[in-house]
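Read the figures in this text as sums done on the coordinates, not as results from a lab. Computed from a predicted model, the values in this text were never measured in an experiment. Please note: Cβ atoms are built from the backbone with ideal geometry, for glycine as well, and neighbour counts cover all protein chains shown.
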Amino acid sequence: MAIVIHVKKSCAVNPLKMSAPIGAALAFTGLDNCMPTLHGSQGCTAFGLVLFVRHFKEAVPMQTTAMNEATTIMGGYDNVEQAILNIHKRAKPSIIAIASTGLTETKGDDVDGYLTLIRKKHPELDEVALVYVSTPDYVGAFQDGWAKAVAKIVKELAEPAPQIAGQINVLAGSHLTPGDLEEIRELVEAFGLKPIILPDLSGSMDGHIPDNFSPTTLGGTTLAEIRATGRSEFTLAIGEHMREAAQTLQNKCGVPFEVLESLTGLDTNDRLMTLLAAKSGRPAPNKYRRQRSQLMDAMLDAHFYFGGKKIAIGAEPDLLVAVGKLLVGIGAELTAVVTTTPSPVLAHLPAQEVLIGDLEDLEQRAQGCDLLVTHSHGRQMAERLKLPFLRMGIPMFDRLGAAHQVTVGYRGTRNLIFEIANMFMAAAHEPEPDDWRQPAAQGAECGSCAPAAAH
Amino acid sequence: MSTLSSKVQEVFDEPACGKNQAKGEKERKKGCTKQLVPGAAAGGCAFDGAKIALQPITDVAHLVHGPIACEGNSWDNRGAKSSGSSLYRTGFTTDINELDVVYGGEKHLFKSVKEIFDKYDPAAVFVYQTCVTALIGDDIEAVCKAATQKFGKPVIPIDAPGFVGNKNLGNKLAGEALLDYVIGTEEPDTTTPYDINIIGEYNLAGELWQVKPLLDEMGVRILSCISGDAKYREVAYSHRAKAAMMVCSKAMINIARKMEERYEIPFFEGSFYGITDMSDSLRNIARLLVDKGAPADLLERTEAIIRREEAAFWVQMVPYKDRLKGVKVLLITGGVKSWSVVSALQEVGMEIVGTSVKKSTLEDKQKIKELMGEDAHMVDDMTPREMYKMLKDAEADIMLSGGRSQFIALKAKMPWLDINQERHHAYAGYDGMVTLVREIANALYNPIWEQVRKPAPWEMQGDKKLATENTEHTEVLLGGFRSVPSVASVV
């Protein structure tokens with residue numbers, strides 16, 4: 001429905017997009033006892049690290065091959081080898097997961113080849129899983145790096161073997177928070193199924209206090225679980241960008257899959273219930289029947305405040321679809337829409353147009369909107385345009401609780417609806433004697449809030 | 001690249017650097033960038049350092065020429081405050097794509113500069129080189145030159161791609177760019193005998209504004225701060241100052257030294273952290289100005305202010321002194337801040353059980369020894385595991401460090417305070433020290449520590465042994481504080 005427009009300008013201003021390598025690195029952070037590593041200069045890792053630390057308010061293990069000018073030109077074999085040996089010696093991870101960067105891709109380092117050589121040379125690494133994914137900084141965005149990383153993980157590590165009854169894979173997109181993943185785990189388990197969530201940030205980045213210091217990830221999908229994804233009955237991929245990984249797993253191990261573009265909203269959760277009921281042979285538990293009813297009630301209560309509201313939203317494609325469709329589904333309008341990278345889902349978005357651009361593009365189009373939805377970098381424009389501002393996505397560095405923002409399931413959807421409705425209510429204009437006299441400049445600004453105020 | 005490598009060499013050769021003075025000819029040439037160990041490295045790159053050093057210039061558009069990572073992953077994440085323009089907080093990047101990598105990104109860069117002038121009308125554009133664009137050979141110097149001619153406003157190349165070295169090298173290369181292209185290019189409307197430059201102060205959390213009122217009272221004018229809350233023009237005419245204070249020695253020593261050589265602006269190295277250091281800095285500013293011809297009554301005026309401020313400070317310390325006496329502090333920070341914070345904390349009776357000297361010069365280390373005694377527990381490079389153990393074993397009561405290591409303390413359920421660049425509180429000057437002490441007290445005496453150290457109910461029932469161990473631990477940690485009055489009476 002939407003026309004996808006690549007913004008034609010030379011200078012990106014106030015980027016919405018983050019780079020693919022750190023998307024891959026965050027996916028690796030969802031693996032247990034893993035050391036995510038960027039093959040690039042030390043700054044590539046430092047920037048990603050600081051970003052994640054500020055978002056999750058957690059220590060984040062992440063290493064670098066520390067390339068410099070000379071090693072870049074000579075090729076990075078020695079650095080990759082040394083990095084792996086050092087990490088193995090110092091942190092003893094089960095998985096060392098490497099993503100390339102713009103620097104090493106421009107040079108053209110053949111890291112897959114390096115790893116084969118390193119394997120031959122160092123039998124002491126036999127027990128360590130090595131995963132490498134190619135993610136040049138100048139191609140795609142965060143979500144793309146995440147998608148490639150997960151596809152590569154299953155390609156390298158999933159093992160075809162006899163099926164385990166009742167075991168379900170959940171391939172989780174980058175738009176899901178640790179809190180979302182906990183909710184999904186509960187949902188699947190409620191049907192008596194055993195989920196393997198990959199990658200599982202709810203094990204590593206959920207903000208728990210471990211008993212001891214660990215130099216690697218504090219939890220997440222274990223190596224054994226990753227291998228066992230090949231033995232599951234079914235794969236549920238959440239977010240279109242998880243399709244490639246699901247397809248890869250099907251090709252390698254024959255596990256059938258379905259992609260749900262999000263788990264936010266009534267329809268998509270109905271589909272989830274149907275799927276889980278079919279796979280488990282059990283009816284939906286009463287708890288969720290009740291929650292569905294509560295969600296409908298929330299929609300009924302909230303729709304007064306959503307009708308005709310104009311939304312400015314900037315998000316990666318799959319988060320955009322999840323939140324955008326929900327908002328439109330309760331009567332709001334996606335007036336200004338910006339995303340980071342091409343995706344097949346964009347064309348189906350209920351909006352006139354979707355820009356692949358930056359927050360400057362969004363700001364130009366957000367004049368007169370009723371709500372801004374984007375990550376924390378929207379704070380400057382929200383202040384300039386005086387818009388209510390819902391923070392969603394990564395990074396969220398100026399609020400606490402980013403890891404526990406839950407927007408999946410009937411319950412998560414219900415809470416998101418309330419949160420947004422409350423923002424509309426808080427921003428509503430109180431009627432004044434002169435409101436109806438002349439469509440004065442002040443009145444026009446808030447014209448769309450008038451029905452809400454009258455309510 | 002040849003100019004860049006000669007620049008790097010020049011920066012390594014810095015004669016005024018304390019570390020360099022102690023080195024032989026050959027060692028000096030090798031430079032001060034420690035060879036990084038792949039798989040065991042931490043910290044930002046040269047580009048990061050250059051950006052940190054220059055971004056506080058508020059009316060400049062800071063344009064990063066490179067792939068999205070360099071700006072997209074990091075923009076608007078530093079705490080430098082502005083009294084005017086907020087343009088410096090706008091993220092500009094060429095966000096180069098695959099085609100740029102193949103065909104070169106120079107035209108793309110030039111067009112980006114044009115768009116910025118058209119839309120934002122900045123005082124100048126600073127163009128930051130990055131690894132990828134350096135590797136493909138984009139000549140940003142040539143593009144900047146052409147753009148300056150075309151648009152009639154300064155377009156300054158900042159040639160510090162990430163892979164040439166660490167953050168500190170980037171700070172210095174940024175300084176070189178200012179020396180080469182900015183400083184000395186404009187003239188101030190007026191000058192006074194009281195004009196100073198403050199070099200290496202970034203106005204994080206507004207710290208410059210904590211100090212400025214006192215300078216105002218002395219009658220001293222900050223002609224230019226490089227680079228906190230600076231306007232482009234102020235930096236451009238900074239060569240007319242009478243004297244300079246260099247705040248963070250390792251970061252911008254080359255600017256201070258070269259400005260002394262070129263423009264005969266004498267400088268001293270000082271700090272705004274801690275009472276003694278703050279007072280010394282004010283004295284030194286006055287002394288240098290009087291040496292350069294300012295009326296001598298400035299000295300008297302300064303002393304009067306110092307006497308008043310110090311007395312006021314100690315009055316404010318009274319309620320804290322008992323509570324902070326003997327509190328053991330683990331201080332993990334860089335360079336000059338180590339000794340100035342060490343002395344500050346000791347002044348209010350705290351005990352420093354360890355301090356990092358990773359970025360400190362020999363001189364810094366000497367100062368720490370003077371302050372902490374010969375057996376000063378200086379750690380060159382403490383691993384996170386060691387920090388965690390030290391805190392867990394209660395060898396320290398609180399850790400002060402940068403944001404990256406905060407979770408080591410918090411996961412050990414120990415108090416922590418941010419004293420690095422992302423911090424939200426301003427700790428400079430006399431007022432800043434009061435804030436720091438208040439924040440330390442707030443952190444130490446927060447009632448959460450007792451709560452979070454309590455064993456879980458199932459630990460009590462299920463594993464008696466574990467439960468007793470935990471309780472003992474809690475008592476040890478809280479032992480020193482039990483008898484003191486509640487937090488409310490102090491704050």
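A few points about this structure:
- Gyration tensor verdict on region B:27-142 (Cα atoms; rounded if a/c is under 1.5, prolate if a/b is larger than b/c, oblate otherwise): oblate
- Rounded to the nearest 10 degrees, the inclination of helix A:42-56 to the longest alpha-carbon principal axis of chain A is 50 degrees.
- Sequence-distant residues sharing a close amide H with B:C225 (under 5 Å, placed H): B:I198
- Remark: for residue pairs B:K114/B:K150; A:K9/B:K114; B:K107/B:K150; A:K8/B:K153; A:K8/B:K119; B:K321/B:K411, the C-alpha separation exceeds 20 Å in A:K8/B:K153; B:K321/B:K411.
- Alpha-carbon centroids, region B:423-446 and region B:105-169: separation in whole Å: 40
- Global form of the protein assembly as shown, assessed from the alpha-carbon gyration tensor, a/c cut-off 1.5: rounded
- Extension gain, B:N97 to B:W314: 0.36 nm times the residue separation minus the Cα-Cα distance gives 72.3 nm.
- Peptide ranges A:430-436, A:167-173 listed from the most packed, as the mean C-beta count within 10 angstrom indicates: A:167-173, A:430-436
- Leading residue at positive end of dipole, the protein assembly as shown (Cβ point charges), from A:F418, B:A205, A:N269: A:N269
- MRE, 222 nm, helices only [DSSP H, n ≥ 4, -39500 (n - 2.57), over chain A, to nearest 500]: -13500 deg cm²/dmol
- For the peptide B:160-171, the mean number of other protein chain Cβ atoms found within 10 angstrom of a residue's Cβ is 4.
- Integer Hz, Karplus 6.51/-1.76/1.60 couplings in order for region A:364-371, x for Gly and Pro: 4, 9, 8, 3, x, 6, 9, 7
- Karplus-based coupling profile of region B:163-180, in residue order and whole Hz: 7, 7, x, 8, 4, 4, 4, x, 3, 5, 5, 4, x, 4, 4, 4, 5, 6, with θ = phi - 60° in 6.51 cos²θ - 1.76 cosθ + 1.60 and x standing for Gly or Pro.
- Leading residue at positive end of dipole, region A:90-243 (Cβ point charges), from A:S174, A:A129, A:V150: A:A129
- What separates the Cα centres of region B:241-277 and region A:356-406 is a distance of 41 Å.
- Charge tally in the Cβ shell below 15 Å around A:Q364, where Lys, Arg are +1 and Asp, Glu are -1, A:Q364 excluded: -1
- Our coupling estimate for region B:203-219, obtained by passing each phi through the Karplus curve with A = 6.51, B = -1.76, C = 1.60 and θ = phi - 60°, is 6, 5, 6, x, 4, 4, 6, 6, 9, 4, x, 5, 5, 4, 5, 5, x Hz, Gly and Pro reported as x.
- FRET efficiency for B:K454 and B:W209, using Cβ-Cβ distance with R0 set to 45 Å, rounded to 0.05: 0.60
- Three-way shape label, region A:20-157, alpha-carbon gyration tensor, a/c 1.5: rounded
- Selection from B:Q9, A:V337, A:I95 lying farthest towards where the dipole of the protein assembly as shown points positive, charges on Cβ: A:I95
- Counting only other chain Cβ atoms within 10 Å of each residue's Cβ, the peptide A:99-105 averages 5.
- For B:45-55, mean number of other protein chain Cβ atoms within 10 Å: 2
- Charges were assigned to the Cβ only: +1 to each Lys and Arg, -1 to each Asp and Glu. The resulting dipole of the protein assembly as shown about its Cα centre is roughly 1000 debye.
- Assigned charges on the beta-carbon of Lys, Arg, Asp, Glu; region A:167-287 dipole about Cα centre (debye): 480
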